[in-house]
Amino acid sequence: MANVYFRVSSSDIRKAVKERVTDPIVALTKNPEIRYKIAQRANDLVEPFVPKKSGDLRASFHVVQNGKSTYLAWGSPSVGKTSKYAKYQHDADDWNWNRHTPGTMSHWTELLERGEFLFDDLADYASEIMKKELRYDR
């Protein structure tokens with residue numbers, strides 16, 4: 001399989017949330033529902049940067065949860081021929097790459113890494129749902 005996978009780091013999210021929130025927060029490793037919500041939000045943030053020639057690549061996004069890990073994934077045999085295409089578009093050399101949609105880019109997952117501007121937006125979102133979920137448990 002040539003899909004594109006990006007691991008949503010629970011420890012990075014937790015550290016960023018602890019910097020923003022003084023209340024106790026939920027442990028992400030024990031709550032797959034919250035990890036899934038964070039992964040969906042991550043896709044919402046990064047989607048404008050994912051190439052969109054026909055829309056199949058964006059439509060192929062799915063969340064993969066394996067134990068305590070959560071991954072964003074692009075490419076699926078059920079959505080056109082996106083398995084190899086996702087990897088090709090993601091790993092393309094930007095200097096020689098002919099973008100089909102203005103504003104899109106290769107290596108779009110890097111925008112979600114700690115220290116990048118989309119990571120801060122993701123951490124802000126996580127701060128709210130991690131606090132909110134705990135309040136319901138009380």
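Rule-based calculations on the coordinates, nothing more; no lab input. Keep in mind that what you see is a predicted model, and the values were worked out from it rather than measured. No Cβ is skipped: glycine too gets one built from the backbone with ideal geometry, and neighbour counts run over all protein chains shown.
Equivalent ellipsoid semi-axes for the chain, as square roots of 5 times the alpha carbon gyration tensor eigenvalues: give them largest first, rounded to whole Å.
After scaling each eigenvalue by five and taking roots: 30, 16, 11 Å.
Going by average Cβ neighbours within 10 Å, how do the peptides 33-45, 112-124 rank, with the highest at the top?
Values: 33-45: 17.9, 112-124: 15.8.
Put in order of decreasing packing, that is 33-45, 112-124.
Cα-based count: Lys pairs in the chain below 19 Å, eight or more positions apart or different chains?
The result is 21.
Whole-Hz Karplus ³J(HN,Hα) for region 114-125, in order, using 6.51 cos²θ - 1.76 cosθ + 1.60 and θ = phi - 60°, x for Gly and Pro?
3, x, 8, 5, 6, 5, 5, 4, 5, 5, 4, 4
Compute, for region 4-137, the length of the dipole vector about the Cα centre, with Cβ point charges of +1 (Lys, Arg) and -1 (Asp, Glu) only. Units Debye, rounded to 20.
Using Cβ point charges on Lys, Arg, Asp and Glu, region 4-137 gives about 420 debye.
Quick one: which residues, 5 or more positions from VAL8 or on another chain, have an amide H under 5 Å from its amide H? H modelled 1.01 Å from N in the peptide plane, none for Pro or chain starts.
Close amide H contacts, sequence-distant or interchain: THR70, TYR71, LEU72.
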